[in-house]
Amino acid sequence: MLTEYSPKTLELMQALQAFFDQYIYPNEARYAQELDALRRAGNPWQPSALVEELKLIARKAGLWNLFLPHRYEGEGGISNLDYAPLCELMGRVSWSGEVFNCSAPDTGNMETFERYGTEAQKRQWLEPLLAGKIRSAFLMTEPAVASSDATNIQCSIRRDGDDYVINGRKWYSSGAGNPHCAIFIVMGKTDPEAPRHAQQSMVLVPRDAPGVTVIRPLSVFGYDDAPHGHMEVLLENVRVPASSILLGEGRGFEIAQGRLGPGRIHHCMRSIGAAERALEMMVDRLQSRIAFGKALSEQSVWHERIAESRCMIDQARLLTLHAAYKMDREGNKAARAEIAMIKVVAPNVSCKVVDWAIQAHGAAGVSGDFWLAEAYAHQRTVRLVDGPDEVHRSAIAKIELSRRSRLKSA
């Protein structure tokens, strides 16, 4: 695993870095200004003109759908290990993933369609998603139950003749605020009397289906994340054809486990990129500020924090690369312990490094003038999305206990 990246990946890394230097970093201010103007006009929930422009350039440059591990109709085909440094770079600027059609939840949804969808579902939804013509949302979390346990989900998916009828309330449905969002993947219960992990199913619900109401955007530490958004969605007697089921009744939990593995490692890759940028900003700030007669970078407490940041980031990166390697070699299920470990480690590392960078910036660090406050809000959220720390720690412990028991009984 600890070898040089493939020549293809090194080429993509170089091309992506050049793209960031030419198009992403110089346009961060323009992106913020565009969004501010839309807010002042009263409607930030519309696509970014800048992102739409850059999508055309990225696709022409071949920097498109890099995340997809299994090639589909000529798209994707890069391993998790080779995608890791590319995704890390995208983590340095929160909106950049969409430019390359590599943003959540679309990446996880596209992998779901590719792995579990019928040919008809792929033609209808996967192909326009891969082309960047539409966007999608994943509706799993619910306000009325502890959604860290997916078997708690109460949304009803009831068979009625040739249709399914869906009733439920979802929230923090990321991506549902974007006006280009055309399809929801909804997780609910088709058979509450079935065994615990066979009660759930996933069904495809068009965003414009009768009975679908996007109630409101939910803020994250005060950020609405427009135009992406994290929405509360009400599903009232929503009727879809029976062909809208993914894989079959009772397979929802299985699909969720398959979908969330890649999604989790992508979050971790981006978290490492955010931590790297925060460390760079910390060092620059410390070298440029004088307190008590000398640069802050000469204060011993900051030596400790800089050194600890570098150690933690590199440890998190190596653990993430190992998980990616195992996913590629043995499959997502075999790498479940490694995926759980990085999902605990990477966002916690990023939170700590960003927090120290905020401290180094003083009052400026918590202002909107710098990227750090936004970065902290997002990285703190990653400790909850796709399962909270506690769930992953529990999974790691159970795997370790089981492994030890097997060894002792052998």
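Readers should treat all values here as calculations from the given coordinates under stated rules, not as data from a laboratory. Because the structure is predicted, anything quoted here is derived from the model rather than measured. Cβ coordinates were reconstructed from backbone atoms using ideal geometry, including for glycine residues, and neighbour counts include every protein chain displayed.
Structure above, values below:
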quantity: Gap separating the Cα centres of region 137-196 and region 204-223, nearest whole Å; calculated: 12 Å
quantity: Compactness of region 253-409, expressed as Rg and Dmax over alpha-carbon positions, Å; calculated: 18.2, 65
quantity: For Asp208, Asp82, order by how many other beta-carbon atoms lie within 10 Å, fewest first; calculated: Asp208, Asp82
quantity: Max mean-square fluctuation residue, GNM over the chain, Cα-Cα springs under 10 Å, options Gly362, Gly168, Gly42; calculated: Gly42
quantity: Extreme residue, positive dipole direction of region 260-354, given options Met327, Val283, Met312 (C-beta unit charges); calculated: Met327
quantity: Phi to ³J(HN,Hα) by Karplus 6.51 cos²θ - 1.76 cosθ + 1.60 over region 57-71, Hz, x for Gly, Pro; calculated: 5, 5, 5, 5, 7, x, 9, 8, 6, 5, 6, 6, x, 10, 4
quantity: Calculated Kirkwood radius over Cα pairs in Å (choose from (i) 23.0; (ii) 27.6; (iii) 22.3), label; calculated: (iii)
quantity: Neighbour-count order for Val205, Val240, fewest beta carbons within 10 angstrom listed first; calculated: Val240, Val205
quantity: Rounded tilt (10° steps) of 80-90 against the dominant C-alpha axis of the chain; calculated: 60 degrees
quantity: Coil-residue GluC sites (Glu not before Pro) of region 187-283, DSSP, other Cβ within 10 Å capped at 11; calculated: Glu193
quantity: Degrees separating the helix 28-40 axis from the principal Cα axis of the chain, which is the longest one; calculated: 60 degrees
quantity: Gyration tensor verdict on region 7-130 (Cα atoms; rounded if a/c is under 1.5, prolate if a/b is larger than b/c, oblate otherwise); calculated: oblate
quantity: Summed side-chain charge close to Trp371 - residues other than Trp371 whose Cβ falls under 13 Å, Lys, Arg +1, Asp, Glu -1; calculated: -3
quantity: For Asp208, net neighbour charge (Lys/Arg +1, Asp/Glu -1) across residues whose Cβ lies under 14 Å away; calculated: +3
quantity: On Cα atoms only, tilt of 372-382 relative to the major axis of the chain in degrees; calculated: 40 degrees
quantity: Residues of type lysines that Lys398 reaches as a straight line, Cα spacing below 18 Å, ignoring anything fewer than 8 places off in the same chain; calculated: Lys333, Lys343, Lys408
quantity: Calculated [θ] (222 nm, deg cm²/dmol) that DSSP helices of n ≥ 4 give over the chain, each run adding -39,500 (n - 2.57); calculated: -15500 deg cm²/dmol
quantity: Virtual spin-label span in nm between Ala307 and Asp162, 7 Å along Cα→Cβ; calculated: 7.2 nm
